[in-house]
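To start, the structure itself, in C-alpha cells.
The values are calculated or read from the model by the stated rules, or taken from the named source; none is laboratory data. Quick caveat: nothing in here was measured; it's all calculated off a predicted structure. Cβ sites come from the backbone with ideal geometry, for glycine too, and all protein chains shown count toward neighbours.
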Amino acid sequence: MPHLTGAAPAPAAPRPVLLLLYALLLAAPLLIGLGNGPLYDVDEGAFSSATREMLASGDFGHTTMNGAPRFDKPIAVYWLQAASVALLGLNEWALRLPSALCTWLAALAAAGFVAARRGTAAGALTGLMLVTAFGPWAMARAATADALLNLCLLLTALDLWRHLEGGQRAPLRRAALWVALGLLTKGPIALLVPAAALGLWALSRRDFAALRRALSDGIAWLLLIAVAAPWYVYALQRHGMAFVEGFILKHNVNRFSGPMEGHGGSLLYYLLVVPLVWLPWTPLWLGLARRVRALWADAEARFWLCWAGFVIVFFSLSGTKLPHYSLYAGPGILMLTALALPTGQEPRRALRIALWAALMVLVGGLAVVPWLLQSGAVAIRNPLYAALLHGAPAPTALLWAGGVLTVLTGLLAAAPGAFKLPGFAGNQGFVPRFAAAVWLAAVAHGLVAAPWLGEALQGPIKRTAEFARSLGAPQTVQPPITQWNAHWPSVGVYMRQPVPQGEPPVGGLAFTRTDRLRAQPPVTVLREERGVALVRRDGP
C-alpha cells in the first residue's frame with residue numbers, strides 16, 4: 001500500500017544560520033506589536049487579573065480573581081504568565097508572551113516533523129501556516145490558556161503518531177508527558193482528544209494490537225499521573241466539592257451540556273468557523289477533498305482525519321460553542337493541509353487564484369469590517385459596543401495598511417520568478433511569493449489591526465482604570481471600588497488591586513456603563529469616555 005505521507009525523502013539538513021533565520025521569521029508575526037493594545041475583556045482580563053493576584057499573594061497553588069477562588073482553568077498557564085511578569089513587569093507584552101512562545105514552539109515542532117517526511121520546503125511552509133493562519137495567530141497573541149493547550153495537543157499528536165508508526169516506547173512516554181501538561185493547562189480535553197483519535201484510528205483499522213501497546217505502557221501512565229495528579233489532589237484537598245463543582249462540573253460538563261455565557265450555535269457552526277479560522281490556507285483543502293479515499297487508506301493520514309474529525313463533531317454537539325475550540329483539531333488539520341502543499345509542482349491556476357483570493361478576504365476583512373462597524377453601515381445592538389466603536393479613532397491606518405498589502409500582494413502575484421528558493425518546484429515560484437505575502441499580512445495585522453481593535457474596544461476601560469488608580473483608589477479610598485453592572489476583569493490588572501462586582505455603598509466609587517446610569521441611584525461622574533464611566537454614588 002503506498003504511503004502518501006512519505007513521498008519525499010528528507011534532504012540534507014539546512015545550515016544552522018538558515019534555521020536561525022527561519023525561526024526568527026516565524027517569531028516575527030507573533031511578537032511584533034504584541035503589547036501594543038490593552039487586554040481584552042473578558043478572557044484576557046480574567047487570566048491576567050488572576051495572574052496578578054497570584055503574584056501579589058505569593059500563593060502559587062491557587063488562583064483567585066477579585067479575591068474569590070477562580071476554578072475556570074487549571075494552574076499551568078498562570079505559572080507561565082507569572083514567570084513572564086516577574087521578569088518583564090506587569091504589562092500586556094509580558095502577559096501575552098507565553099502564548100506567543102507556545103505557538104512559536106508548536107510551529108517549529110510541526111515544521112521539523114513534516115520536513116523529516118516530505119522535505120524542507122514542505123516543513124518550512126507548515127510552520128509558516130501555523131503562525132499566519134488567522135485563528136492560531138490570534139490565539140498566539142492572547143493572554144489565555146489556549147496557545148499552551150494547542151502546543152500540548154500538537155506535541156501529543158506528533159509523538160503519538162511516531163509511536164504508532166514505529167512502535168517505540170519513547171515517543172509514547174513523551175506523549176503522556178504532553179497530555180499531563182495539557183491536563184494542567186485546560187483539563188480533561190487534553191486527554192479526551194488524543195484518546196478519542198487513537199481509539200477511532202485503531203478501531204477503523206481493527207488494529208487492536210496497536211491500541212493495546214499504546215494503553216498498556218505502565219511508565220507512560222506513571223509519567224502522566226506523576227505530573228498531573230499532584231495539583232489536582234492539592235486542589236481537591238484545599239477546596240473540596242467547591243473545586244469539583246466549579247471546575248469539573250461547571251466549566252467542563254456544563255459547557256458541553258448547554259450554552260454558557262450566551263455562546264451557543266447550531267450543529268453547522270464549525271462548518272463555517274473552521275475555514276475562516278485557517279484563512280488564507282483553506283483553499284488547499286479543495287485538493288484534499290478529491291483524495292479522501294486515498295487519504296483514508298493511508299495509515300498516517302487516517303490518524304489526522306480521526307483527530308480533526310472527532311474534535312469538530314464533538315464540539316458541534318457541545319452546547320457551548322466558541323471559535324477557538326475548533327483549534328483543538330489543529331494537529332489533524334495542519335498535518336492534512338501539509339499533504340496538499342504544492343511544493344512538488346507548480347499549483348494549477350485555479351488553486352493559485354483561490355489562495356490569492358483567500359488572502360485578500362483576510363486582508364480586506366480586517367481592514368474594511370472595522371470601518372463598516374464604525375460608520376454605522378452595520379448596526380450594533382449593544383449600546384456599550386456602539387459607543388466604543390463609534391467613538392473610536394477612525395480606522396484610517398487599517399485602510400492604508402490594507403491598501404498597501406493589496407498592492408504588494410498584487411505585485412507578488414504578478415511577478416513570476418521573483419522568488420526562487422531551493423526545494424520549490426516550477427519556474428514561476430508561486431509558493432515562495434504567496435508565503436511572503438502571507439507573512440507580510442500577518443505582520444501588518446499585528447502592527448496595525450490588533451492595536452486598533454484593542455484601542456477601540458478596551459482603550460477607555462484601561463484609561464478609566466488608570467485614572468482611578470491615580471486617585472489612590474482603592475488603597476486610600478473607602479469603601480473600596482467596585483464594578484457596578486459591568487464585568488471588566490482587566491481593571492484589576494490596571495488598578496493593581498481586586499475590583500469585585502457589586503453595588504457600591506453611598507460614597508463608594510464604581511466602574512460602570514454609561515448606558516445603565518439612568519437605572520442606577522444618583523451618582524457623580526468622575527470620568528466618562530465612550531460608554532465607560534467612573535462614578536461616585538451620591539445617595540440611596
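Here is a yes/no grid of residues against (1) modelled with pLDDT under 95; (2) surrounded by 19 or more Cβ atoms within 10 Å (Cβ to Cβ); (3) of a type outside the set (Val, Ile, Thr); (4) over 22 Å from Tyr22 (Cα atoms):
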residue: Leu421; (1), (2), (3), (4): yes, no, yes, no
residue: Ala425; (1), (2), (3), (4): yes, no, yes, no
residue: Ala441; (1), (2), (3), (4): yes, yes, yes, no
residue: Trp452; (1), (2), (3), (4): yes, yes, yes, yes
residue: Gln458; (1), (2), (3), (4): no, yes, yes, yes
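So which of Gly319, Gly287, Gly309 is in contact with a Gly (Cβ under 8 Å, 6 or more places away or on another chain), in a helix (DSSP H, G or I) and not β-branched (Val, Ile, Thr)?
Numbers: Gly319 fails: in a helix (DSSP H, G or I); Gly287 fails: in contact with a Gly (Cβ under 8 Å, 6 or more places away or on another chain).
Exactly one of Gly319, Gly287, Gly309 is in contact with a Gly (Cβ under 8 Å, 6 or more places away or on another chain), in a helix (DSSP H, G or I) and not β-branched (Val, Ile, Thr), namely Gly309.
Given the criterion over 23 Å from the mean Cα position of the chain (by Cα), aromatic (Phe, Trp, Tyr), closer than 30 Å to Ala486 by Cβ and in a helix (DSSP H, G or I), identify the matching residue among Trp356, Trp371. Reasoning before the result, please.
On the way: Trp356 fails: closer than 30 Å to Ala486 by Cβ.
Of the residues listed, the single one that is over 23 Å from the mean Cα position of the chain (by Cα), aromatic (Phe, Trp, Tyr), closer than 30 Å to Ala486 by Cβ and in a helix (DSSP H, G or I) is Trp371.
Is it true that Trp488 is at pLDDT 90 or above and either assigned to a loop (DSSP other than H, G, I, E, B) or surrounded by fewer than 19 Cβ atoms within 10 Å (Cβ to Cβ) (or both)? Explain how you work it out, then say what you get.
Numbers: at pLDDT 90 or above: yes; either assigned to a loop (DSSP other than H, G, I, E, B) or surrounded by fewer than 19 Cβ atoms within 10 Å (Cβ to Cβ) (or both): yes.
Spelling it out, Trp488 is indeed at pLDDT 90 or above and either assigned to a loop (DSSP other than H, G, I, E, B) or surrounded by fewer than 19 Cβ atoms within 10 Å (Cβ to Cβ) (or both).
It is to be established whether one or more residues within region 159-179 are within 19 Å of Ala301 (Cβ to Cβ), buried (at least 17 other Cβ atoms within 10 Å of the Cβ) and among the β-branched types (Val, Ile, Thr).
Looking through region 159-179, none of the residues is within 19 Å of Ala301 (Cβ to Cβ), buried (at least 17 other Cβ atoms within 10 Å of the Cβ) and among the β-branched types (Val, Ile, Thr).
Can you go through Ala143, Ala106, Ala100 and tell me which one is modelled with pLDDT of 95 or more, part of a loop (DSSP other than H, G, I, E, B) and buried (at least 18 other Cβ atoms within 10 Å of the Cβ)? It would help to see each step written out before you state the result.
On the way: Ala106 fails: part of a loop (DSSP other than H, G, I, E, B); Ala100 fails: part of a loop (DSSP other than H, G, I, E, B).
Of Ala143, Ala106, Ala100, the one residue that is modelled with pLDDT of 95 or more, part of a loop (DSSP other than H, G, I, E, B) and buried (at least 18 other Cβ atoms within 10 Å of the Cβ) is Ala143.
Please give the number of the condition Ala392 fails out of (1) at pLDDT 85 or above; (2) under 25 Å from Pro451 (Cβ atoms); (3) out of contact with any helix residue (DSSP H, G or I) (no Cβ under 8 Å at 6 or more places or on another chain); (4) of a type in the set (Gly, Ala, Ser).
(3)
Can you name every residue in region 496-540 that is over 27 Å from Ser48 (Cβ atoms) and not in a strand (DSSP E or B)?
Pro505, Val506, Gly507, Leu517, Arg518, Ala519, Gln520, Pro521, Pro522, Asp538, Gly539, Pro540
Here are Leu362, Leu267, Leu295: which of them is touching a residue at least 12 places away in the same chain (Cβ under 8 Å), out of contact with any strand residue (DSSP E or B) (no Cβ under 6 Å at 6 or more places or on another chain) and assigned to a loop (DSSP other than H, G, I, E, B)?
Of the residues listed, the single one that is touching a residue at least 12 places away in the same chain (Cβ under 8 Å), out of contact with any strand residue (DSSP E or B) (no Cβ under 6 Å at 6 or more places or on another chain) and assigned to a loop (DSSP other than H, G, I, E, B) is Leu267.
Which one of these does Leu341 not meet: (1) in a helix (DSSP H, G or I); (2) surrounded by 16 or more Cβ atoms within 10 Å (Cβ to Cβ); (3) not β-branched (Val, Ile, Thr)?
All conditions are met except number (1).
Search region 525-539 for residues that are within 22 Å of His390 (Cα to Cα) and in the same structural domain as Ile481 (by TED's automatic domain parsing) and pair each with any residue that is assigned to a strand (DSSP E or B) and of a type in the set (Val, Ile, Thr) when their beta-carbon atoms are under 6 Å apart and the residues are at least 6 apart or on different chains.
Pairs that qualify, where the first residue is within 22 Å of His390 (Cα to Cα) and in the same structural domain as Ile481 (by TED's automatic domain parsing) and the partner is assigned to a strand (DSSP E or B) and of a type in the set (Val, Ile, Thr), are Val525/Val535; Ala533/Thr512; Ala533/Val525.
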